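Participant: Would you mind keeping the following structure in view while I ask a few things?
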Amino acid sequence: MDLNSLRQFLAVARLEHLSRAAEELRIAQPSLSRTIARLEKELGTPLFDRAGRLRLNDAGRLFRDYAERSLGELEAGRRAVAELADEGFGSVRLASETFLTFTGPLAAYKRAHPDVEVELHQAPAADMARRLLTQEVDLCAASQPIPADGLESVQLLDEPVWLVTPPGHPLAGRASVSVPELAGQSFIAAHPGHWQRRLLDRLFAAHDLVPRIVCEGDELSAIAALIQAGLGVGLVPDLARQLAPPGAASWIAVDSPECRRRLTLHWGAGTRLTAAARLMRTTLSSWDWTARPPR
């Protein structure tokens with residue numbers, strides 16, 4: 001059982017598809033199939049169910065967890081030795097759904113530590129726990145829960161999320177609006193799985209409603225721009241309001257205590273973070289998120 005076999009197994013386990021895993025790994029599919037077969041023979045049990053679509057079975061899920069932790073520890077050891085050899089702070093790898101929120105603290109961090117290499121990885125929240133446990137990244141910031149054992153976290157921000165409409169919209173100028181009043185409105189929203197989309201769907205589902213979505217995107221800046229252009233309405237967090245040009249849109253409170261964004265920073269429990277990662281964690285957790293940034 002070698003490291004390459006474990007990495008190949010984890011790719012197949014994550015994708016549950018041999019040809020896509022082979023393409024990602026840039027190897028031939030027959031070679032990948034032989035690697036998985038040898039691994040199963042060595043372990044003495046199948047790791048996948050092969051009736052129809054390839055599925056990770058109970059043994060496969062158990063072995064996956066151990067393999068992820070093992071490779072993660074080896075990567076942590078490699079980085080610790082590199083940090084010692086360089087006699088410096090090392091590097092830091094931060095994953096987030098979007099980085100618009102972090103421009104202020106990241107700029108401050110880089111000014112204070114210009115020699116530190118900062119890697120930024122845009123990632124969906126659903127993939128963050130795996131990346132942390134395998135130590136592909138040091139820190140993850142998410143605006144929705146990441147259910148997983150073996151993680152520690154600190155809340156960075158708790159802010160209201162507003163309904164934003166273009167100027168001249170029938171709702172523009174309202175102080176607040178209820179969710180049922182939004183039935184039938186044309187929404188500019190994020191793709192399924194994004195925190196903003198989950199919030200929108202959750203708010204409507206509480207009233208047995210489904211939002212009418214006319215455009216889907218991933219970046220909140222693009223969503224806000226499309227709203228300002230008059231293509232629809234949408235949910236936008238308070239931090240974006242601080243940066244919006246005055247009068248470009250109407251910001252309306254939603255009558256629901258759940259219409260908020262809670263930004264949380266996560267890292268692996270017991271993980272030996274590099275000095276650079278510890279400094280990044282301190283910078284983000286102590287940042288004044290309520291301060292209005294300069295335009």
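Participant: Apply 1/(1 + (r/R0)^6) to the Cβ-Cβ distance of R111 and A225, taking R0 = 25 Å, and write down the FRET efficiency to the nearest 0.05. Display every interim value, and only then the final one.
Facilitator: On the way: r = 29 Å, r/R0 = 1.15.
Once rounded, the FRET efficiency stands at 0.30.
Participant: Would you mind listing how long segment 3-67 runs along its three principal axes, going by Cα atoms, in whole Å with the largest first?
Facilitator: Ordered largest first, segment 3-67 gives principal extents of 28, 26, 19 Å.
Participant: Follow-up. Return the whole-Å distance between the Cα centroid of segment 170-196 and the Cα centroid of segment 221-295.
Facilitator: Here the answer is 18 Å between Cα centres.
Participant: Select from S221, S178, S91 the residue whose mean-square fluctuation is largest in a Gaussian network model of the chain (Cα-Cα springs shorter than 10 Å).
Facilitator: Of S221, S178, S91, the most mobile in the Gaussian network model is S178.
Participant: Here is a follow-up. Only counting other Cβ atoms within 10 Å, I'd like H194, H121, H169 sorted with the fewest neighbours first.
Facilitator: Details: H194 23, H121 15, H169 19.
If I rank by nearby Cβ atoms, fewest first, I get H121, H169, H194.
Participant: What residues of segment 122-159 lie in the reach of a label at R61, counting those whose backbone N is under 12 Å from a point 7 Å from the Cα along Cα→Cβ?
Facilitator: none
Participant: Could you state the orientation-averaged shadow area of the convex hull built on the Cα atoms of the chain, in nm² to one decimal? If you can, show how the numbers build up before the last one.
Facilitator: Details: hull surface 74.2 nm².
Mean shadow area of the hull around the Cα atoms is 18.6 nm².
Participant: Compute the FRET efficiency between S33 and V214 as 1/(1 + (r/R0)^6), taking r as their Cβ-Cβ distance and R0 = 45 Å, and round to the nearest 0.05.
Facilitator: 0.55
Participant: Quick check: pseudo-label points 7 Å beyond the Cα along Cα→Cβ at E75 and A183, how many nm apart are they?
Facilitator: 4.7
Participant: Could you work out how far apart the two model spin labels at S286 and A206 are, taking each label as a point 7 Å from the Cα in the direction of the beta carbon, and quote it in nm?
Facilitator: 3.6
Participant: Need the full-extension length gain, T103 to D2, defined as separation in residues times 0.36 nm minus the C-alpha distance. One decimal, nm.
Facilitator: Values: separation 101, 0.36 × 101 = 36.36 nm, distance 4.08 nm.
Separation in residues times 0.36 nm, less the Cα-Cα distance, equals 32.3 nm.
Participant: Here's a follow-up. Do any GluC sites (Glu not before Pro) in segment 1-62 lie in a DSSP loop with no more than 16 other beta carbon atoms within 10 Å, and if so, which? Please list the in-between numbers first.
Facilitator: Values: sites: E16, E23, E24, E40, E42; in loops: E16.
Answer in residue order: E16.
Participant: How long is the gain from A253 to A275 if the chain were fully straight, where each residue apart is worth 0.36 nm and the alpha carbon distance is subtracted? Present the calculation step by step, with values, prior to reporting the outcome.
Facilitator: Numbers: separation 22, 0.36 × 22 = 7.92 nm, distance 4.13 nm.
Here the answer is 3.8 nm.
Participant: Here's something else I'd like to know. Can you give me the relative contact order of segment 3-67 as a percent, contacts being Cα pairs under 8 Å and 6 or more apart?
Facilitator: Details: 55 pairs, mean separation 20.4, N = 65.
Dividing the mean separation by the residue count of segment 3-67 yields 31 percent.
Participant: Right, here's the next one. Using Cα springs under 10 Å in a Gaussian network model of the chain, which residue among P160, P257, P46 shows the largest mean-square fluctuation?
Facilitator: Among P160, P257, P46, the largest GNM mean-square fluctuation belongs to P257.
Participant: Right, here's the next one. Non-local amide H neighbours of F48 (under 5 Å, H modeled in plane, Pro and chain starts lacking H): which ones?
Facilitator: N57
Participant: To continue, here is another question. Only Cα pairs within less than 10 Å get springs; with that Gaussian network setup on the chain, which residue of I27, I213, I146 has the largest fluctuation?
Facilitator: So, out of I27, I213, I146, the one fluctuating most is I27.
Participant: Another question, then. Pop the C-beta distance of R53 and R198 into the FRET formula with R0 = 25 Å and round what comes out to the nearest 0.05. Write down the numbers at each step before the final one.
Facilitator: Working: r = 26 Å, r/R0 = 1.04.
Plugging the Cβ-Cβ distance into 1/(1 + (r/R0)^6) gives 0.45.
Participant: Sticking with the crude label model, points 7 Å out along Cα→Cβ, report the distance from L243 to E16 in nm, one decimal please.
Facilitator: Here the modelled spin labels are 3.6 nm apart.
Every number here is computed from the coordinates shown, using simple stated rules; none is lab data. Note that the coordinates shown come from a computational prediction; the quantities given were computed from them, not determined experimentally. Because the Cβ atoms are built from the backbone with ideal geometry, glycine has one as well, and the counts that use them run over all protein chains shown.
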